[in-house]
Amino acid sequence: MRVLLISTYFIQYGIELANGLAEAGAEVGLVFNHENAVQLVGEDYRSMLSDKVQLKLMPKKHSKRIIGRAMWTNKRWFNKMLHESQPDVMHFQISNDLASIWTAWQRRNGLVVTIHDINPHPGDDETNTPGWLTKLTDRFVIPHSRKFGVRWITHGKVLREELHRKYHVDLESIDVIPHGILAGYSAVDGAEAPAAKVPTTSVDAVGPALFFGRMEKYKGLGVLADAIPLVLEQMPEARFVIAGRGPALEPERAKLTAHPQVELKDYYIETAEVAQLFRNASINLAPYIEASQSGVIASGYAFDVPAVASRLGALPEVVIHEENGLLVEPNNPQALADAILRLMQDREFHRQMQAGVRRWAEGPLSWQSIAGKTLECYAQAGRKK
């Protein structure tokens, strides 16, 4: 099967999925722009990509302007590339790139679309997507795509129901395929993801609790800032690493830097350093105040790091309470602090959660499993064609 995977924004996800599909025997072409890849993944993104995947780089970084040279250049490139490659299925990761949206719309048949987020996150950086493009996608592209036999993928059952409710997409045309682990970071720094971290008698051996990623309001950094002193009251030797930058950081900076146990890395984290952060971490923090699914949790699972996550969206479908992590009620600093303390203080429980993470990483969240389910989805799209 010839697959063209267009992933202009969710680039690391696209790389990992392309690798899995290629290992499963598909002939895969992966499309994104070099500048976007460097910005979102890093200079070493090619080292994450299997030799079996054919990389097809868009000539221009996508533009927000409907009338602009970049958009038209990319559109002409898409037309030529599609004519030459003749894919059986085109798999589109929904994004803010007008040229690829237009291409997907024209294709219609043999089309699969993954919607990572049904609704925009509160406080998300709105400069990434112009308002007119959001309205175009929400009011025209998605609703009218129903009549063309498009197959849809969401990363959770609750998101499947939301896609059906919001856009009236038939449930029979929506496949639920989980967000796979993001193990590409380990390929960049040249070391294997750990088979297991074995805690000893000191919290230093377990490592700090890690809050990683783009600092947006919906990720709950404010909740963590209020939970940290509650943890330190009970366990002064506990440590935290806050790694990343974004608009939600500045309002919480004073609270975070008030504690010497908090290490703040407020800069762009290069790919190799991301791997090291997760290797050292004992807990992956996701105290979101709104959520669909989480690439941060998927990254932690690649390194055997159990998560403490909010009971929101599809997060409870991958963070199974007391099996591979802990779930807490959102906007509850005390509940978050209690969960952190439980994982830091109960070493046997921490080991059990690591084992649970490993089972999920090697099972339902492995790219072998996800590639198999995705190929089944492609077969359905082919029958529609």
(message) Testing the spin-label approximation: label points 7 Å from Cα along Cα→Cβ at R253 and N119. State their distance in nm.
(response) 3.2 nm
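Treating only the Cβ of Lys, Arg, Asp and Glu as charged (+1, +1, -1, -1), what charge dipole size does the stretch 191-362 show about its Cα centre? Round to the nearest 20 debye.
On the way: 16 positive and 22 negative charges, 30 e Å.
Using only the charged Cβ atoms, the result is roughly 140 debye.
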(request) Would you grab the residues whose amide H sits under 5 Å from the one on G313? Only those 5+ places off in sequence or on another chain, please, with H modelled 1.01 Å from N. (result) A291
(request) Pull up all non-local amide H partners of G156: gap of 5 or more, or a different chain, and H-to-H distance under 5 Å with H placed in the peptide plane. (result) I177
(message) Can you give me the Kirkwood hydrodynamic radius for the stretch 247-333, using every pair of distinct Cα atoms, in Å to one decimal?
(response) 14.2 Å
(request) Of the options I370, A355, Q380, report the single residue whose Cα projects farthest towards the positive end of the charge dipole of the stretch 343-385 (beta-carbon charges: Lys, Arg +1; Asp, Glu -1). (result) Q380
(request) Could you go through the stretch 312-319 in sequence order and give the Karplus-derived ³J(HN,Hα) for each residue, using 6.51 cos²θ - 1.76 cosθ + 1.60 with θ = phi - 60°, rounded to whole Hz, and x for Gly and Pro? (result) 9, x, 9, 4, x, 7, 10, 9
(request) Describe numerically, in nm with one decimal, the distance between label points set 7 Å from Cα along Cα→Cβ at S50 and at E35. (result) 3.1 nm
(message) Quick query: amide H of S282 versus all other amide H atoms, modeled in the peptide plane; which residues come in under 5 Å with a sequence gap of 5 or more or a different chain?
(response) A209, L210
(message) Give me P(r) over the stretch 193-341, computed from all C-alpha to C-alpha distances, binned every 10 Å, as integer percentages.
(response) 12, 46, 38, 5
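Hey, what did the stretch 191-362 get for relative contact order, percent, Cα under 8 Å, at least 6 apart? Write down the numbers at each step before the final one.
Working: 318 pairs, mean separation 44.7, N = 172.
Value for the stretch 191-362: 26 percent.
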(request) List, in order, the whole-Hz ³J(HN,Hα) value for each residue of the stretch 362-378 obtained from phi through the Karplus relation with A = 6.51, B = -1.76, C = 1.60 and θ = phi - 60°; use x for Gly and Pro. (result) 8, x, x, 9, 6, 6, 5, 5, 5, 4, x, 5, 5, 5, 5, 4, 4
(message) Whole-Hz ³J(HN,Hα) for each residue in the stretch 5-15, computed from phi via Karplus 6.51 cos²θ - 1.76 cosθ + 1.60 with θ = phi - 60°, x for glycine and proline: what do you get?
(response) 9, 9, 9, 7, 10, 7, 6, 5, 4, x, 4
(request) Starting from the Cα of E233, step 7 Å along the direction of its Cβ; do the same at Q368; then give the gap between the two resulting points in nm. (result) 4.8 nm
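Throughout, read-outs are computed from the coordinates displayed, never taken from laboratory work. All of these numbers come straight from a predicted model, not from anything done at the bench. Because the Cβ atoms are built from the backbone with ideal geometry, glycine has one as well, and the counts that use them run over all protein chains shown.
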